[in-house]
There are 2 protein chains.
Amino acid sequence: MTLTTISTNLSHGGVQGVYSHASTSTNTDMTFSVFVPPHEDGETLPIIWYLSGLTCTHANVTDKGEFREACTRLGVILIAPDTSPRGENVPDDPDKSWDFGLGAGFYVDATQAPFDKYYKMCTYLEKELPELIVSSFPVDMSRQSIMGHSMGGHGALTIGLRNSDRFKSVSAFAPIVSPLNCPWGEKALTGYIGPDKSNWREYDACALIEDGARVSDLLVDQGSKDNFLEEQLKPELLKSACETAGQKLTLRMQEGYDHSYYFISTFMADHIEWHAKKLKA
Amino acid sequence: MTLTTISTNLSHGGVQGVYSHASTSTNTDMTFSVFVPPHEDGETLPIIWYLSGLTCTHANVTDKGEFREACTRLGVILIAPDTSPRGENVPDDPDKSWDFGLGAGFYVDATQAPFDKYYKMCTYLEKELPELIVSSFPVDMSRQSIMGHSMGGHGALTIGLRNSDRFKSVSAFAPIVSPLNCPWGEKALTGYIGPDKSNWREYDACALIEDGARVSDLLVDQGSKDNFLEEQLKPELLKSACETAGQKLTLRMQEGYDHSYYFISTFMADHIEWHAKKLKA
């Protein structure tokens, strides 16, 4: 596997890099960013994976996430993958809307043509990218956590729940907690996975918890002025699923905050500190 | 004077706003951003002005500057103006290059046609915008500081030096310290002010210091891997002018840093803390 370096910049004492590679999962080139804080030669560091929301690439959080100061202070690597395959050949939403297709991979392995040839974000994140990371960066793969925003919060919750042996902790900003129960999820999972909803449950955080999946700890921040709160995000469904199942959850409603990076950046250091405690316990 | 609110977002406990107004200085609409940290009703707060570099608008630092955490912690307002007038009627560089015209106002009052009708960034920042700010935000105008990046560092230094009674402190990231002695300055000041270089001295930090202008304190951070360091920025000229004149200056060469917001954001909290000490002394 060959990694192409697109850019590296010194920032907060560490190296913020952007890289690309030819992905065998998605049959496209994939781009991602990695921040490696200062460290001793030969030292390996714990990782936090950050999964982004609809329309985003690696660049949104890399530019606006305000994570580097905390990563340097706590000695944690942050990896930000893209949200879908991209390229001229990659099929997009027929209506070109922003909630399906390019920038909207929903962290699933598509089974429906024509998407199944490219939209394999689940395999990409669970198998391919970790192998590339371990061969290219000073990472301690025994200490990983995962977080994400909105669609990426859905990704973090579901990947975290399906791989509880891999992740020490899971957190999210304004996540889609149940694609089975919101219009974004209905559209995306019908398109990628097909109409049989029994196949959706492995990609639905609430259903995974109902079906027995557990993680050691969950932290969720949700802005009270988020435009998508009532129709799409529905944190009460996660709260209810966790209460019923006895899954530990800290759900914080953040008064007055919206869905933007102004919200995410406000609580980013909190999340990194929370993960770092688990990663270093 | 009427202010139009383009957007407001809660962030780090305060309000990040973007506003526009019809400017009488530039004969265009002008856009700027203001971050107001949480404060008591009726309380007024000190201000830091942040002037941006070539090609930038208010948005670059607002997105990538990582200033809000420090502003909230220290109770300081940050204002980020645009770098030039903009609009269909506004004359641009005949060659459409990025170092003159739109996004490159150099914080001067142009005297040369056709630029003199619009490019009045000096009057805009020294007179018009402060009057608008005082009537619209909870500011304590007796406590102001100024900083900037690159062309905006030039703006901060020269506006600071010409208005030492207004600013408690002046700082810059990778500033153009002498338009008289670099290609960017040659091009811009010839275009805006004309070829008589005696008219440039009020827009040249080194010349202002040579001619007797002083500020209480200067802080400059400069990355050692900045692509523009040797040809355009030349911090040694500022160091020499300050030494000769007895002007206090802290010039920090930051090993390995470049000209980008990855550099600026690394040292932003440092600068805000430094200014806040002076503003609250």
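The values are calculated or read from the model by the stated rules, or taken from the named source; none is laboratory data. Worth saying up front: this structure is predicted, and the values here are computed from it rather than measured. Here Cβ is always computed from backbone atoms with ideal geometry, including for glycine, and neighbour counts include all displayed protein chains. Protein only, heavy atoms only, side chains kept; ligands, DNA and RNA dropped before computing areas. Shrake-Rupley method; radii C 1.70, N 1.55, O 1.52, S 1.80 Å.
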Review point. From the backbone phi of the stretch B:163-175, what are the Karplus-calculated ³J(HN,Hα) couplings (6.51 cos²θ - 1.76 cosθ + 1.60, θ = phi - 60°) in whole Hz, Gly and Pro given as x?
Key: 9, 5, 6, 8, 10, 6, 6, 9, 9, 8, 9, 6, x
Review point. For B:R252, which sequence-distant residues (separation of 5 or more, or a different chain) have an amide H within less than 5 Å of its own amide H, given hydrogens modelled in the peptide plane?
Key: B:V220, B:D221, B:Q222
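Chain pair A, B: how much accessible area is buried, both chains summed, with a 1.4 Å probe, in Å² to 100?
Numbers: alone 11280 and 11290 Å², together 20780 Å².
The buried area between A and B, both sides summed, comes to about 1800 Å².
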Practice item. Can you give me the P(r) profile for the stretch B:52-127? Cα pairs, bins 5 angstrom wide beginning at 0, each as a whole percent. Key: 3, 15, 22, 21, 14, 11, 7, 4, 2, 0
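Roughly to the nearest percent, how much of the accessible area of the stretch B:4-279 is carbon and sulfur, given a 1.4 Å probe? Walk me through the numbers before you get to the answer.
On the way: 4720 of 9870 Å².
C and S atoms contribute 48 percent here.
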Review point. What residues in the stretch B:1-40 lose 20 Å² or more of accessible surface when the other protein chains are added to their chain alone (1.4 Å probe)?
Key: B:N9, B:L10, B:S11, B:H12
Check your understanding: Under the Karplus relation 6.51 cos²θ - 1.76 cosθ + 1.60, θ = phi - 60°, what is the ordered set of whole-Hz ³J(HN,Hα) values for the stretch B:104-113, x standing for Gly and Pro?
Key -> 8, x, 6, 6, 10, 9, 5, 10, 9, 5
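Which order do B:M141, A:M253 take when ranked by solvent-accessible area (1.4 Å probe, heavy atoms of all protein chains), largest first? Before the final figure, lay out each step's value.
Values: B:M141 55, A:M253 100 Å².
Largest accessible area first, the residues go A:M253, B:M141.
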Review point. Long-range amide H contacts for A:H259: which residues qualify at under 5 Å (H placed 1.01 Å from N, peptide plane, sequence gap of 5 or more or a different chain)?
Key: A:N227
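Taking square-rooted eigenvalues a ≥ b ≥ c of the alpha carbon gyration tensor, is the stretch A:141-281 rounded, prolate or oblate, where a/c under 1.5 means rounded and, failing that, a/b exceeding b/c means prolate? All intermediate terms of the calculation are to be shown ahead of the outcome.
Values: a/c = 1.71, a/b = 1.14, b/c = 1.50.
Verdict is oblate for the stretch A:141-281.
State whether the protein assembly as shown is rounded, prolate or oblate according to the following rule on the C-alpha gyration tensor (a ≥ b ≥ c being the square roots of its eigenvalues): a/c under 1.5 gives rounded; otherwise a/b larger than b/c gives prolate, and the remaining case gives oblate. Walk me through the numbers on the way to the answer.
On the way: a/c = 1.98, a/b = 1.93, b/c = 1.03.
In terms of gyration-tensor shape, prolate.
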Practice item. Cross-chain or 8 or more residues apart, Cα under 18 Å: how many lysine pairs in the stretch B:4-279 fit that? Count them up, please. Key: 14
Point to revise | Complex-versus-alone comparison for the stretch B:54-101, residues with a loss of 40 Å² or more in accessible area, probe 1.4 Å | key: B:D63, B:K64, B:E66
Exercise for review: Take the alpha carbon atoms of the stretch B:98-136, find their center, do the same for the stretch B:36-93, and report the distance between the two centers in whole angstrom.
Suggested key: 16
Exercise for review: Run the quick spin-label model on A:E40 and A:E126: label points 7 Å from Cα toward the beta carbon, then report their separation in nm to one decimal.
Suggested key: 3.7
Review point. Please identify the trypsin sites (Lys or Arg not before Pro) of the stretch B:89-178 that satisfy two criteria: DSSP loop assignment and at most 15 other Cβ atoms within 10 Å. Which are they?
Key: B:K96
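Can you sort A:D116, A:D217 by 1.4 Å-probe accessible area, starting with the largest? Can you show the working numbers first?
On the way: A:D116 60, A:D217 10 Å².
Largest to smallest exposure gives the sequence A:D116, A:D217.
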Revision key, fill the gap. Note, B:V61: beta-carbon cut-off 12 Å, +1 each Lys/Arg, -1 each Asp/Glu, net -1
Review point. For the stretch A:1-139, with every protein chain kept in place, what is the accessible area per residue (1.4 Å probe, Å²)?
Key: 37
Practice item. Can you pull a Stokes-Einstein diffusion coefficient for the stretch B:4-279 at 37 °C (0.692 mPa s), Rh from Kirkwood over Cα pairs, as a whole number of µm²/s? Key: 178
Practice item. Please check chain B for the longest run free of GluC sites (Glu not before Pro) that are loop-located per DSSP (anything but H, G, I, E, B) and have at most 10 other Cβ atoms within 10 Å. Key: B:89-254
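Could you tell me which of rounded, prolate or oblate describes the stretch B:58-210, using a ≥ b ≥ c as the square roots of the eigenvalues of the alpha-carbon gyration tensor, with rounded for a/c under 1.5 and, failing that, prolate when a/b is larger than b/c and oblate otherwise? Numbers along the way, then the final one.
Values: a/c = 1.73, a/b = 1.47, b/c = 1.17.
Prolate, because a/c is 1.5 or more and a/b exceeds b/c.
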Point to revise | Label-point separation, B:T24 to B:E230 (7 Å along Cα→Cβ), nm | key: 4.9
